[in-house]
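Undergrad: Mind having a look at this structure? Questions to follow.
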């Protein structure tokens, strides 16, 4: 059943993205240039201090504008249209939370990556493979719940970060195969957009955001936590 729902989310995401392509492309372009332009300008100067400063600006703008993209994607996943002002509203509501989200991801991912590297390069024995495999599985699990994090944070009545991570983890554990398909879809769409370039420029961040929101809403409806924002019409 989860496989069927996962495929439904995938096709719904493509449909939503196509229907809102113009508006999504605008916010995606703002998202892209907000962090890519400072990097380009800093690299052009070849001055170390300028490169560091522009790099920090890009690092800060990336999560802030990502929050805005997920905010408008939430409206799209509910079957509603949006305006550029909604993108700005999302940034205003979640900008400081987005910075904490980025910081937490840097710390947790760095810690897990360090453990994955440390044991095989420090110890010998068959148990090292098990320990490294454990840390690798934890890393994959952490990255998987990030797909649900922003949709869950926006969906909650109180946008608490730890609650969003906890609820996202519960959703992954409640439907691991469903989550696996969502991760695969995200990687496929992201990989194709990077290879083809133009889709990355137009919907590189927007389409994963719509996918994540559709995935979370579908799960919450299935578990009867929320009502379907896009109920099927009754024929009769």
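Undergrad: Between residues in region 141-156 that are closer than 18 Å to residue 91 by Cα and residues that are at pLDDT below 95 and surrounded by fewer than 21 Cβ atoms within 10 Å (Cβ to Cβ), which pairs lie under 6 Å by C-beta distance while being six or more apart or on different chains?
TA: Correct list of pairs: 153/159.
Undergrad: Any residue in region 216-227 that is modelled with pLDDT of 95 or more, surrounded by 13 or more Cβ atoms within 10 Å (Cβ to Cβ) and under 12 Å from the mean Cα position of the chain (by Cα)?
TA: yes
Undergrad: Looking at 121, 105, 115, can you tell me which residue is farther than 27 Å from residue 20 by Cα, out of contact with any strand residue (DSSP E or B) (no Cβ under 9 Å at 6 or more places or on another chain), assigned to a helix (DSSP H, G or I) and touching a residue at least 24 places away in the same chain (Cβ under 8 Å)? Steps first, please.
TA: On the way: 121 fails: touching a residue at least 24 places away in the same chain (Cβ under 8 Å); 115 fails: touching a residue at least 24 places away in the same chain (Cβ under 8 Å).
The unique qualifying residue is 105.
Undergrad: Follow-up question, since we're still on this one. If I go through region 164-209 residue by residue, how many of them are part of a helix (DSSP H, G or I) and either within 20 Å of residue 138 (Cβ to Cβ) or in contact with a strand residue (DSSP E or B) (Cβ under 8 Å, 6 or more places away or on another chain) (or both)? Lay out the reasoning, then the answer.
TA: If we filter region 164-209 for residues that are part of a helix (DSSP H, G or I), which is where we start, we get 164-174, 176-196, 198-203, 206-209.
Then drop every residue that is not either within 20 Å of residue 138 (Cβ to Cβ) or in contact with a strand residue (DSSP E or B) (Cβ under 8 Å, 6 or more places away or on another chain) (or both), which leaves 164-174, 176-180, 182-184, 186-187.
Total satisfying the criteria: 21.
Undergrad: Additional query: Looking at (1) under 19 Å from residue 99 (Cα atoms); (2) in contact (Cβ under 8 Å) with a residue 60 or more places away in the chain; (3) part of a helix (DSSP H, G or I), which one does residue 159 not meet, given that it meets all the others?
TA: (3)
Undergrad: Test residue 60 against the criterion of being assigned to a helix (DSSP H, G or I) and either at pLDDT below 95 or crowded, with 16+ Cβ neighbours inside 10 Å (or both), and give yes or no. Outline the logic, then answer.
TA: Numbers: assigned to a helix (DSSP H, G or I): yes; either at pLDDT below 95 or crowded, with 16+ Cβ neighbours inside 10 Å (or both): yes.
For residue 60, the condition - assigned to a helix (DSSP H, G or I) and either at pLDDT below 95 or crowded, with 16+ Cβ neighbours inside 10 Å (or both) - is met.
Undergrad: Another question, then. For region 70-81, state whether one or more residues are over 21 Å from residue 215 (Cα atoms) and in contact with a helix residue (DSSP H, G or I) (Cβ under 9 Å, 6 or more places away or on another chain).
TA: Residues of region 70-81 over 21 Å from residue 215 (Cα atoms): none.
Within region 70-81, none of the residues are over 21 Å from residue 215 (Cα atoms) and in contact with a helix residue (DSSP H, G or I) (Cβ under 9 Å, 6 or more places away or on another chain).
Table: residues versus (1) at pLDDT 95 or above; (2) under 27 Å from residue 221 (Cα atoms); (3) in a helix (DSSP H, G or I).
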residue	(1), (2), (3)
8	no, yes, yes
27	yes, no, yes
44	no, no, yes
86	yes, yes, yes
89	yes, yes, yes
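Undergrad: Hey, residue 197 hits all of (1) over 26 Å from residue 89 (Cβ atoms); (2) in contact with a helix residue (DSSP H, G or I) (Cβ under 8 Å, 6 or more places away or on another chain) but one; which does it fall short on?
TA: In the conditions (1) over 26 Å from residue 89 (Cβ atoms); (2) in contact with a helix residue (DSSP H, G or I) (Cβ under 8 Å, 6 or more places away or on another chain), residue 197 misses (2) alone.
Undergrad: Which count do you get for residues in region 169-179 that are under 13 Å from residue 6 (Cβ atoms), touching a residue at least 12 places away in the same chain (Cβ under 8 Å) and surrounded by fewer than 19 Cβ atoms within 10 Å (Cβ to Cβ)?
TA: Number satisfying all stated conditions: 1.
The values are calculated or read from the model by the stated rules, or taken from the named source; none is laboratory data. Every value quoted in this text rests on a predicted model; they were computed, and no experiment measured them. Please note: Cβ atoms are built from the backbone with ideal geometry, for glycine as well, and neighbour counts cover all protein chains shown.
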